[in-house]
2 protein chains.
Amino acid sequence: MSNKLKVLAFSGSLRKNSFNSGLVRAVKELKPENMEIDIFDINDITMYSDDLKDGGFPDIVKLFAEKITSADGILIATPEYNYSIPGVLKNAIDWVSRISPQPFNEKPTAVMGASPGMLGTVRAQMHLRQIAIFVNMIVMNKPEVFVNFAREKFDSESNLTDEKTKEIIRKFLIAFSSWIEKLK
Amino acid sequence: MSNKLKVLAFSGSLRKNSFNSGLVRAVKELKPENMEIDIFDINDITMYSDDLKDGGFPDIVKLFAEKITSADGILIATPEYNYSIPGVLKNAIDWVSRISPQPFNEKPTAVMGASPGMLGTVRAQMHLRQIAIFVNMIVMNKPEVFVNFAREKFDSESNLTDEKTKEIIRKFLIAFSSWIEKLK
């Protein structure tokens, strides 16, 4: 058994060339030695309804929940759509929130985001932090990561290329590693 | 041509026996004389992704957008999931927000919600009002409708039965009718 910190990372965008999926890939490269990153793709999670749930949770939701439960920490990279998180990301959280025992409960969590505009997803991150209160993820306050003007910081395949941003993310991940250790 | 105010109403819950779908049905019964209500079902709207969008908007999204565009006002009944609106409702808004000209722009809008708990969706409604700022729905401030303790106010088929709540909704719809007229 590895005694590295297991972090489950996912992006709130389904776009193939998403900046936020690029951020999650960058995390794999920039993580500290004591951390390992497992990337989960929320693409195939269907629309939530109580009726569907009452017929049994879909396999993809069960798999997602198991991965959350067994992770030491959760890292979410969210785009901002209409001043909030994408419906797609909220839907994935809505599904998991209905599972008992609730997988997000007390899970150390870090939030980041990238956007083409000036504000770098700050409004979406604030909504996500409020949603996190209910499911009781324990979200790290600082440092915050707002990757703004993303078109200048990623290449055409949405790989992060900006060195200054890489350094910010390195520090963010070191802080997150301490956050996870503190909450153990 | 009818010169009644055309209101497009939709519920943010996909559940068959949803309190919020019940609210939307109640609106049909409680509306003032000068208003007609068209109910839209967001059930079949698929998950948003830019890649999917770039291949063309799904027919259901186009139909939803046309109905929004031709309506005089929009009425949304939202459940509260995890201190926010359901991912399903946010996803429907995300799709429409990508259409140009943007259908929600300057549309008079009213927001309501029902929940089994004490707070009656207030947190979800606050998130929805913030999201509405970006798509520029013009949301009526007052009166607000928070249908709390919904299990006591709806029958087993989620039809609204509580007379006091019905009276609140009658007044809410009269105010909404004035709001639409004022913004014409």
Residues of the range A:15-33 that turn out to be surrounded by fewer than 16 Cβ atoms within 10 Å (Cβ to Cβ) and within 14 Å of chain B (Cβ to nearest Cβ), as a count: 2
Residue A:91 being within 29 Å of residue A:147 (Cα to Cα) and free of Cβ contacts under 8 Å to residues at least 60 places away in the same chain: yes
All positions within the range B:1-44 that are part of a loop (DSSP other than H, G, I, E, B), more than 15 Å from the chain's Cα centre (by Cα) and hydrophobic (A, V, I, L, M, F, W, C): B:1
Scan of the range A:34-61 for residues that are away from every other protein chain (no Cβ under 14 Å) and in contact (Cβ under 8 Å) with a residue 12 or more places away in the chain, ordered by number: A:34, A:35, A:36, A:37, A:38, A:39, A:40, A:57
Members of the range B:146-184 that are touching a residue at least 40 places away in the same chain (Cβ under 8 Å), under 16 Å from the mean Cα position of the chain (by Cα) and farther than 17 Å from residue B:32 by Cα: B:147
Residue count for the range A:122-142, restricted to those that are part of a loop (DSSP other than H, G, I, E, B) and either surrounded by fewer than 16 Cβ atoms within 10 Å (Cβ to Cβ) or within 13 Å of chain B (Cβ to nearest Cβ) (or both): 4
Given (1) out of contact with any strand residue (DSSP E or B) (no Cβ under 7 Å at 6 or more places or on another chain); (2) within 30 Å of residue B:3 (Cβ to Cβ); (3) aliphatic (A, V, I, L, M); (4) surrounded by fewer than 24 Cβ atoms within 10 Å (Cβ to Cβ), index of the condition residue B:93 fails: (4)
Lone qualifier among A:34, A:3, A:17, A:43 - being at pLDDT below 95 and within 19 Å of residue A:177 (Cβ to Cβ): A:3
One residue from A:108, A:79, A:86 being more than 14 Å from every other protein chain (Cβ to nearest Cβ), surrounded by 23 or more Cβ atoms within 10 Å (Cβ to Cβ) and not aliphatic (A, V, I, L, M): A:108
Sole residue being of a type in the set (Val, Ile, Thr), outside any helix (DSSP H, G or I) and out of contact with any Lys or Arg (no Cβ under 8 Å at 6 or more places or on another chain), chosen from B:76, B:93, B:60: B:76
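The values are calculated or read from the model by the stated rules, or taken from the named source; none is laboratory data. Remember, predicted model here, so these are calculated numbers, not experimental data. Note: ideal-geometry Cβ built from the backbone for every residue, glycine included; neighbour counts use all protein chains shown.
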